[in-house]
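Here it is, the structure, as structure tokens.
None of the figures in this text is laboratory data; all of them are computed from the coordinates on show. Predicted model only: the values in this text are computed from it and were never measured. Reconstructed Cβ throughout: ideal geometry from the backbone, glycine too, with neighbour counts over all protein chains shown.
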Amino acid sequence: MTIRLDYTNMMAPPIDGAISPAEWNEVASSFAAAHDAVAMQHQDGTLGFIDLPDDRALHQQTLDFVARLREGGAYPTDIVVLGIGGSALGPIALRTALRAPQWNLLDAAARGGEPRLHVLDNVDPANITALLARLDLHTSLFVVTSKSGGTAETMAQYLIIRARLSATLGEQAAKTRVVFVTDPEKGALRTIARAQGVVALDIPGNVGGRFSVLTPVGVLPAALVGIDTTALLAGAADMRDRCSSSDLSGNIAGTYAALQYLADTKHGRHIQVLMPYSDALRDMADWFVQLWAESLGKHRVPGDAGVGPTPMGALGATDQHSKVQLYMEGPGDKTVTFVAVDEGGADVEIPRLHADIPELAYLGGHHLGELLDIERRATAGALARRGRPNMTLTLERVNPWHVGGLLMFLELATAYAGQLYGVNAFDQPGVELGKQFTYAMLGRADAGKARAEWELLPKSDPARVL
């Protein structure tokens, strides 16, 4: 079992104008310093995501909770995650990757008796109303995920769900249909859990939201629908151990970070595309976009122009018919990382029909998986032929071990890239002002300063409204 990275098409030669040997040699020493800085942060206890594969006590919280539910004899038919950002994108990516396609549309027998998994990742009332109309609250479990316990969107969802549960089931029963995933010590959810006896699982204090997929944020929903979370964490541990070296040639996540950093800062490749050629990994691209964007798009010092690449998700072969035209002939400001899978599981042979029609005859006897992989290789080759840098990350198969490794690979690459850019990859100051304005307009008691600042903003000019 392994994950490998082929970055031949990122380098010059063979790609004219790509990363030169001199640039690669120069960044090797910068990476050694970046790796050491990340290691120091880890030793200081500030990078808890690195320790998650070994945190057996934290994993046991999830395993024990799921076991109690199964032993209780009334296992949920539906799991509903209330969360936003990393609290939603991680569970969605795991469901798509590690459960059968169209999981929520399958009947109970096809799901092996495991529950459906829904993720409410927004506060659009139409979507929430529609889901609640379909659910049986007597057999549903709501996972409320917010480290701070103050996320406006998630807390609004929670209040609606809690009121609906109480009205339908009664207050005592309502408390058994929710579980919190939050900070171990503080925050509104932890306060409610202590006061009312609601089960609460921990997000370690030194693990930020977009790095939390291997905490109960992602592990609990995964375990609740029957995913092997022990293998998930084992794959993450293996990847972490592969990335222990400060030698760039022996560190796969460091290599990825350095390639993307050089492409952006030295070659104007400011847009970085992650393009899985697997429907199972399609939502991994959205998870990556948040991780890369929120971690690296920063000011180095207040008031500067800011740094950071712009990530984009795509899906092969679907987006060969929408986005690849831009990648091939649009501005030369992109890198593309293809994600390939060696063993795609069950395959489908293409029938040998219409042998008299040349446009169809050549397809007969091939397989869909073969076609998908050939399309990936053809697209990578076409981009290379046009001087467009690309690389290929290959998983042997899509299973919990490899998905865990992929998650850790991208998280470590993000930590290294933050050091190369000279920014803190673990904060998000750019989103805080919007949150404060939201609190102010909703009348939150501690938002007086933001309310005063909001009042100073320019008012809409009627002459500029059409």
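Run the helix sum for the chain: -39,500 (n - 2.57) per DSSP H stretch of 4+ residues, divided by residue count, reported at 222 nm to the nearest 500 deg cm²/dmol.
-14500 deg cm²/dmol
Then there is this: Counting DSSP beta bridges in the chain, what percent are antiparallel, to the nearest 5?
15
Sticking with this one: How far apart, in nm, are the 7 Å Cα→Cβ label points at Ser148 and Thr438?
0.9
Follow-up. For the chain, what Kirkwood radius comes out of the mean inverse Cα-Cα distance, in Å?
Kirkwood radius, the chain: 24.0 Å.
Please compute the modelled spin-label separation between Ser20 and Thr191, points set 7 Å along Cα→Cβ, answer in nm with one decimal.
Here the answer is 6.0 nm between the modelled labels.
OK, next. For Lys186, Lys175, what's the fewest-to-most ordering of other Cβ within 10 Å of each Cβ?
The fewest-first ordering by Cβ neighbours comes to Lys186, Lys175.
If you place +1 on the Cβ of every Lys and Arg, -1 on the Cβ of every Asp and Glu, and leave all else neutral, what size is the dipole of the chain about its Cα centre, to the nearest 20 Debye?
Approximately 1140 debye in magnitude.
Next up: Along the positive direction of the dipole of the chain (beta-carbon charges: Lys, Arg +1; Asp, Glu -1; about the Cα centre), which of Gln61, Leu262, Leu131 reaches farthest?
With unit charges placed on the Cβ atoms, the residue in question is Leu131.
Mean separation of Cα pairs under 8 Å and 6+ residues apart, divided by the residue count of the chain: what relative contact order is that in percent?
Relative contact order of the chain: 21 percent.
So, one more: What list do you get for Asp286, Asp6 if you sort them by fewest beta carbons within 10 Å?
Ranked by crowding around the Cβ, least crowded first: Asp6, Asp286.
A follow-up question, please. What Kirkwood Rh does the range 151-227 have if only Cα atoms enter the pairwise 1/r average? Answer in Å.
Evaluated on the range 151-227, it is 13.4 Å.
Please work out the C-alpha center-to-center distance from the range 356-371 to the range 398-452 and express it in whole Å.
46
Sticking with this structure for a sec: On a straight-distance basis, which lysines could pair with Lys459 in a cross-link, Cα separation under 29 angstrom, same-chain partners fewer than 8 positions away excluded?
Lys298, Lys435, Lys449
Full-extension gain between Arg300 and Glu359, please, as 0.36 nm times their residue separation minus the C-alpha to C-alpha distance.
Gain on extension, Arg300 to Glu359, equals 15.8 nm.
Which of the helices in the chain, when you take each full DSSP H run, stretch at least 30 Å along the axis at their Cα atoms and have an average Kyte-Doolittle score of 0.0 or higher?
400-421
Taking the alpha-carbon set of the range 42-103, what are its Rg and Dmax in Å?
Reported Rg and Dmax, both Å: 15.0, 44.
Now a separate question. Pop out the Kirkwood hydrodynamic radius of the range 48-230 from its pairwise C-alpha distances, inverse of mean 1/r, in Å to one decimal.
Computed over Cα pairs of the range 48-230, the Kirkwood hydrodynamic radius comes out at 16.3 Å.
Can you list the residues of the range 326-354 with backbone N under 13 Å from a point 7 Å past the Cα of Asp6, pointing along Cα to Cβ?
338-342
Hey, how many Å between the Cα centroid of the range 94-115 and the Cα centroid of the range 199-217?
Taking the Cα centre of each part, the range 94-115 and the range 199-217 sit 24 Å apart.
In nm, to one decimal, how far is the Ala167 label point from the Leu63 one, both placed 7 Å along Cα→Cβ?
4.1
Then there's this: From the C-alpha gyration tensor of the range 353-444, pull out the three semi-axes of the equivalent ellipsoid (sqrt of 5λ each), sorted largest to smallest, in whole Å.
So the three semi-axes of the range 353-444 are 45, 20, 17 Å.
What percent does the relative contact order of the range 187-264 come to when contacts are Cα pairs within less than 8 Å and at least six residues apart?
So the answer I get is 12 percent.
I've got another one for you. Which distance in Å, rounded to a whole number, links the C-alpha centroids of the range 33-67 and the range 274-334?
Each part reduced to its Cα centre gives a spacing of 27 Å.
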